[in-house]
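Contents: one structure, followed by commentary.
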Amino acid sequence: MESTLKACLLHILEDLLEEELVKFKFQLTNITLDEGYNHIPRGIIQQANPVRLADLLIQYYGEEYSKTVTQEVLNAINQRNLAEKLCQAMEKCEKFTNGGKVGRKKMYSMVQ
């Protein structure tokens with residue numbers, strides 16, 4: 001499921017305008033995290049493009065918690081529509097995933 005999650009996160013992050021991505025990165029370093037999790041270092045986040053940021057979210061927070069963190073940050077920067085879009089895309093991915101793999105065409109249509 002990691003590649004599916006990464007594709008969903010990437011699609012959401014790519015949907016942000018440059019200024020919104022800056023806000024996302026800022027808020028990501030300032031949100032309150034659950035116990036046992038650490039913030040991604042600010043210097044790493046600031047230089048990350050959307051592809052690297054999707055990787056970092058999964059690397060630091062794991063599959064399940066990275067979805068939660070992303071949704072919280074999107075809500076904090078008034079991107080509730082993208083937070084909902086991520087939630088819906090992940091629900092669809094879980095329903096249609098066969099052995100953890102989803103075809104590119106199917107994945108693309110799910111996050112549209």
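The values are calculated or read from the model by the stated rules, or taken from the named source; none is laboratory data. Here the structure is a predicted model, which means the values were calculated and not measured. Reconstructed Cβ throughout: ideal geometry from the backbone, glycine too, with neighbour counts over all protein chains shown. With ligands, DNA and RNA removed, areas are computed over all heavy atoms of the protein, side chains included. Shrake-Rupley method; radii C 1.70, N 1.55, O 1.52, S 1.80 Å.
Note on the stretch 1-77: with charges restricted to the Cβ of Lys and Arg (+1) and Asp and Glu (-1), its dipole about the Cα centre is near 200 debye. For a label point 7 angstrom out from the Cα of E72 toward its Cβ, which stretches of the stretch 7-39 have the backbone nitrogen within less than 13 Å? Counting only backbone N, you get 27-39. In the context of the full set of protein chains, residues of the stretch 36-92 present 51 Å² of accessible surface per residue (probe radius 1.4 Å, heavy atoms only). Summary of the geometry: the stretch 32-58 and the stretch 65-93, compared by the centres of their Cα atoms, lie 16 Å apart.
What do you get for GluC sites (Glu not before Pro) in the stretch 1-88 restricted to DSSP loop and a cutoff of at most 10 other Cβ within 10 Å of the site's Cβ? Here the sparse-neighbourhood loop sites are E35.
Considering all C-alpha pairs of the stretch 4-94, those separated by over 18 Å amount to 35%.
Between E64 and E14, full extension at 0.36 nm per residue minus the direct alpha carbon distance yields a gain of 16.0 nm.
The count of lysine pairs in the stretch 4-94 that are at least 8 places apart or cross chains, and whose C-alpha atoms lie under 16 Å apart, stands at 6. Computed in the context of the full set of protein chains, the accessible area of the stretch 23-94 at 1.4 Å probe radius has 43% of its extent on carbon or sulfur.
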